[in-house]
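In what follows, a single structure is set out as structure tokens and then discussed.
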Amino acid sequence: MILDVTDGDRSTYLPGLVQVARYLLRTATYALALRDGDPCFSVEELAVRFGQPELASLLSSHSGVYPEPTFEVLADLSGRLSSAVGSLPRNRHRSLRALIVATSVSDPDVSHLATFALGNDAALPYTEIPKVVL
């Protein structure tokens with residue numbers, strides 16, 4: 001639901017949204033490998049395994065390797081995430097900030113990940129993410 005925001009939020013928070021979308025898709029791709037019984041945490045190997053060579057750069061966590069954040073990249077990541085895990089939940093609050101406030105008590109995992117989507121030009125603080133959230 002973090003990726004379901006208004007056009008204004010999409011423009012304002014594009015780099016953070018792309019970063020969170022990349023994290024979620026990478027996590028979902030790891031989970032698919034686990035589900036298939038052959039765990040793998042190499043995006044290069046998973047790109048080959050799933051027959052999608054572009055995943056190697058798209059899912060990379062290294063700046064300069066992954067594409068610059070654009071609306072097209074966000075749409076691509078979101079579409080691939082939907083294909084991997086099914087329909088993405090809707091954000092009934094619509095804005096990212098409203099989602100953060102609304103879920104801060106009821107679903108703090110969503111609230112924290114949505115806070116990361118606000119972006120700050122730094123890498124996602126993986127050590128602050130207590131668990132995988134899909």
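Computed quantities for the displayed model
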| quantity | calculated |
| --- | --- |
| Which listed residue, of ARG92, ARG97, is closer than 18 Å to PRO15 by Cα and over 15 Å from the mean Cα position of the chain (by Cα) | ARG97 |
| Single match in VAL105, VAL85, VAL73, VAL101 (criterion: touching a Pro at 6+ places or on another chain (Cβ under 9 Å) and either among the β-branched types (Val, Ile, Thr) or at pLDDT 90 or above (or both)) | VAL73 |
| Selection from the range 106-120 of residues that are part of a loop (DSSP other than H, G, I, E, B) and exposed (fewer than 15 other Cβ atoms within 10 Å of the Cβ) | SER106, ASN120 |
| Single residue of ARG97, ARG80, ARG90 found to be exposed (fewer than 14 other Cβ atoms within 10 Å of the Cβ) and of a type outside the set (A, V, I, L, M, F, W, C) | ARG90 |
| Elements of type helices (runs of 4 or more DSSP H) contained in the range 1-70, each with 3 or more residues being open to solvent by 20 Å² or more (accessible area, probe 1.4 Å) and not aliphatic (A, V, I, L, M) | 7-12, 14-35, 43-49 |
| Close pairs (9 angstrom Cβ cut-off, 6 or more residues apart or separate chains): touching a residue at least 12 places away in the same chain (Cβ under 8 Å) and assigned to a loop (DSSP other than H, G, I, E, B) in the range 80-105, surrounded by fewer than 14 Cβ atoms within 10 Å (Cβ to Cβ) and not β-branched (Val, Ile, Thr) anywhere | SER95/GLY8 |
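The values are calculated or read from the model by the stated rules, or taken from the named source; none is laboratory data. As the structure is a computational prediction, the values presented were derived from the model and not from experiment. Here Cβ is always computed from backbone atoms with ideal geometry, including for glycine, and neighbour counts include all displayed protein chains. These area figures cover heavy atoms from the full protein model, side chains too; ligands, DNA and RNA do not enter into them. Shrake-Rupley method; radii C 1.70, N 1.55, O 1.52, S 1.80 Å.
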